[in-house]
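Structure record follows, encoded as structure tokens.
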Amino acid sequence: MQNIQDSVIQNYQDNMDYLEKEHEALFNKIQALEVVLEDGRFPQKYDLEYKDGYFDVRELVSKKFLYNQDTNIYAKTMCTAVNFQKNEHVFETFYNYQFSDKALQKAMNSKDLIMYANSAELIDYHDKNTKKTDHLTKITKFIFIGLGLGVHIPAILEKTGADSLLLIEKDIELFRLSLFVTNYKKIFENKRVFFSIAQNQSEFQETFNSFYLDAFVRNHYIKYSLFSDNYVDAIQNIQNAIISRSEKVYPHEFLINKNIQVLQRINENYNFLNLKTMQNNSLLQEKPLLLIGAGPSLSKNSRWLQENAKYFLIVAAFAALNTLKKLDISPDIVTQMDEKTIATQDMLQKLGDTSFLTDTLFVFSASVPDILIETFSKEKIFLLEDRTDYILANQKILAASVGEFSYAFALTLNPKEIYLLGLDFALTDEGSTHADEHHLTQKLDTNKTTELQESISLDKSILEIQGNLREKVLSTPLLAMSIPHMNNYTAALKKPYQKVYNLSDGAYLEGTISFDIHNYHKETETFFDKKKFLKFLQANSQSQLQSNDIEAIKNRQEQIQSFKEALDTFLTTPSLESDIFVRTYTKLLNVLFRSNESELKEILMIYILNTSSYIIDLFATKELTNHKKHIKKMKKIIYNELKNIIKLYEEALLTYKE
């Protein structure tokens, strides 16, 4: 028994040393738990017991055991369940889109920048030469969902050889007990480990993204082990994290088109706002700002809005205009970033007469469709770059939707008070996604929230998130994507004296104040000089590139040439075996990774994130034969697709007229 006690103490010391050195935040979390357990502020839930050659955990209240069996046998059972088959216990990180011959030819021959235009051939080649029932030659990445005492982990690692690991455990006290039983320091030697221990949603998203980007070329099928059914909610969290990644939502073809649009606006001498120089103005020190989105809370609070609109400077998302027009409210500023031409045509058609916007100013993403730009007076339109950086002095915006795009702009106007309405990022109890007048509003079946789904939809799957006015609300992966962006802009742009009041019965937003809309009372209007405000925007904008901007465009041409040379080297380097081919491909990726940040680098990175796992999975398929043939074909496809992407970007760059 003394040997067991010595082993337990040694395991704990080794693990704490390991955590302190490699995972300091988790180490501090464990230490904090130790303190509150010792002084009684956190009641102890579990006790670790040694029984007949194995450890188990007893819950102190229920007296029940966690395993209630020999944990050595449990570990063997869990290890046996792990196999190398592609269709068992895996997360697929790709869309299961099967190209017909017609669809393939349409994508490859399309002159428009439609989705899959530059990747269809590669995806189709992989799919035609592999099957879901195939086996992996190697498992590189592995997720442990629920850890228990960690006794099953060593055998699974020995069996798979995985060296990029994500460990998820929602109960930190249980994880602490595992430190006594399993020597993580020993089994994780020379492995890249990502811990998600008792993390909230945003923390988990950050941890998962770090794991996802580690050895990302091996992401196609990510194997996992589920400790028990108590952890099935983590499966949905992982699915949400995968489908919500920006490269999944916004493919490289869209970003190429964005660059074309932005350069066109620069050629047309539109005013581009400089958010950096706007941030210390005092124009809105006395006038509160009301930021209006098209979420369900807008319709719900229409009467309040009618009665109180006069007290605010109103910044409204374009999608909220139908509701505002119905309420006879003219916003001071309208924002928009949606690039879809057909959707914009539909919104304009439903909006009809725009005379109620005669005195309104417009702040748009520079890549909105021509039809929107041409609807309003050029002198009242101000543009912002998002995901491009052609005007170096300006601050570009990263956003998933017009909500956070508008919020970033609102913060830079420097009002003391900002009120958020219709920025729900959540569903109503009845499942409504948007305000009643929104062109895309729909009702989802909220009864399916707790069901575990094999596949997940960006705009139809339902998840629980932290609420603003109540503990939990329902959302979709698409709506929830905006929340981290909102939180980031609060952290980056909100000044200490600014207060942001969240009036919506939707998602909780960090750094904002939950506020019941009916508690707002104001009896006097504050005058706001619109002419002065227009001059302010004009003074903080530019309609032409400066000399350093023009020089940067020339430097982009040099980067294009270096990418072309790296691509030629990739094509001509002999690769007779798949291992050599993978190393050659990795060298090509390294050239891109180490290059300076640019629009082209981001375009290529999105393409690579969405396609590289197809390439690596093809050659990691046990059943694949005649590797030389596949290497030759795959090399040619990669070369042609990357060459075409570079060509499209270069053509866009050449449209700039100095």
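A helix-only calculation puts the chain at -14000 deg cm²/dmol for mean residue ellipticity at 222 nm, using -39500 (n - 2.57) for each DSSP H run of at least four residues, averaged over all residues.
The string of couplings for the stretch 287-293 from the Karplus curve (6.51, -1.76, 1.60, θ = phi - 60°) is 9, x, 10, 10, 9, 10, x Hz, one whole number per residue in order, with x for Gly and Pro. Residues of the stretch 633-658 with an amide N closer than 15 Å to a point placed 7 Å from the Cα of residue 564 along the Cα-to-Cβ direction: 640, 642-655. Which of the residue pairs 554/629; 532/657; 276/657; 106/643; 138/185 have a Cα-Cα distance greater than 28 Å in the structure shown? Flagged as over cut-off: 554/629; 532/657. Close amide H contacts of residue 382 (hydrogens built in the peptide plane, cut-off under 5 Å, sequence separation of 5 or more or a different chain): 362, 363, 364.
Bridging of residue 141 to lysines at a Cα separation below 16 Å is possible for 86, 159, 191, 223, once same-chain residues fewer than 8 apart are set aside.
With Kirkwood's inverse mean 1/r over C-alpha pairs for Rh, give me the Rg to Rh ratio of the stretch 93-218, two decimals please. Don't jump to the answer; show the numbers that get you there.
Working: Rg = 19.7 Å, Rh = 17.5 Å.
Result for the stretch 93-218 is an Rg/Rh of 1.12.
In summary, the aspartates and glutamates within cross-link reach of residue 460, defined as a Cα separation below 15 angstrom excluding same-chain residues under 8 places away, comprise 429, 430, 445, 451. Subtracting the Cα-Cα distance of residue 247 and residue 576 from 0.36 nm times their residue separation leaves 115.3 nm of extension gain.
The calculated FRET efficiency for residue 636 paired with residue 376, based on their beta-carbon distance and R0 = 60 Å, is about 0.80.
Using the Stokes-Einstein relation with a Kirkwood hydrodynamic radius computed over Cα pairs, the translational diffusion coefficient of the stretch 160-312 at 25 °C and a viscosity of 0.890 mPa s comes to 116 µm²/s. When the alpha carbon gyration tensor of the stretch 255-351 is reduced to an equivalent ellipsoid, the three semi-axes, largest first, read 27, 22, 10 Å. Remark: spin-label model distance residue 73-residue 628 equals 5.4 nm, labels positioned 7 Å along the Cα→Cβ axis.
The shape of the stretch 279-438 comes out rounded: with a ≥ b ≥ c from the C-alpha gyration tensor, a/c is under 1.5. Kirkwood-type hydrodynamic radius, the stretch 580-658: 14.1 Å, calculated from all non-identical alpha-carbon pairs. One chain, two ends: residue 282 and residue 326. Fully extended at 0.36 nm per residue, the span grows by 12.6 nm beyond their Cα-Cα distance. The lysines within cross-link reach of residue 102, meaning a Cα-to-Cα straight distance under 18 Å and a gap of 8 or more places when in the same chain, are 111, 128. Working note: Debye formula, equal point scatterers on the alpha-carbon atoms of the chain, no solvent; log10 I(q)/I(0) at q = 0.05, 0.10, 0.11 Å⁻¹ is -0.28, -1.07, -1.23.
Close amide H partners of residue 316, meaning residues 5 or more places away or on another chain with modelled amide H under 5 Å apart, are 292, 333, 334, 335.
Give me the mean projected area, in nm² to one decimal, of the convex hull enclosing the Cα positions of the stretch 1-86.
8.6
Sorting the segments 281-287, 47-53, 374-380 by their mean number of nearby beta carbons within 10 angstrom, highest to lowest, gives 281-287, 374-380, 47-53. With each label modelled as a point 7 angstrom along the Cα→C-beta vector, the residue 85-residue 528 pair spans 6.3 nm.
Report the residues of the stretch 285-323 in range of a label on residue 446: point 7 Å along Cα→C-beta, backbone N strictly under 13 Å from it. So the set is 296-297. For the stretch 175-187, backbone phi angles converted through the Karplus equation (6.51, -1.76, 1.60; θ = phi - 60°) give residue-by-residue couplings of 4, 4, 5, 5, 5, 7, 9, 10, 8, 5, 4, 6, 6 Hz, Gly and Pro being listed as x. Whole-Hz Karplus values for the stretch 143-157 come out as 10, 9, 9, x, 10, x, 8, x, 5, 8, 5, x, 5, 5, 5 Hz, taken residue by residue from phi with 6.51 cos²θ - 1.76 cosθ + 1.60 and θ = phi - 60°; glycine and proline positions read x.
The separation of the stretch 380-431 from the stretch 500-553, counted between C-alpha centres, amounts to 9 Å.
FYI, it's all coordinate maths here, none of it is from the lab. Computed from a prediction, not measured in an experiment: that's the story for all the values here. For neighbour counting, all protein chains shown are included, and Cβ atoms are generated from backbone atoms with ideal geometry for every residue, glycine included.
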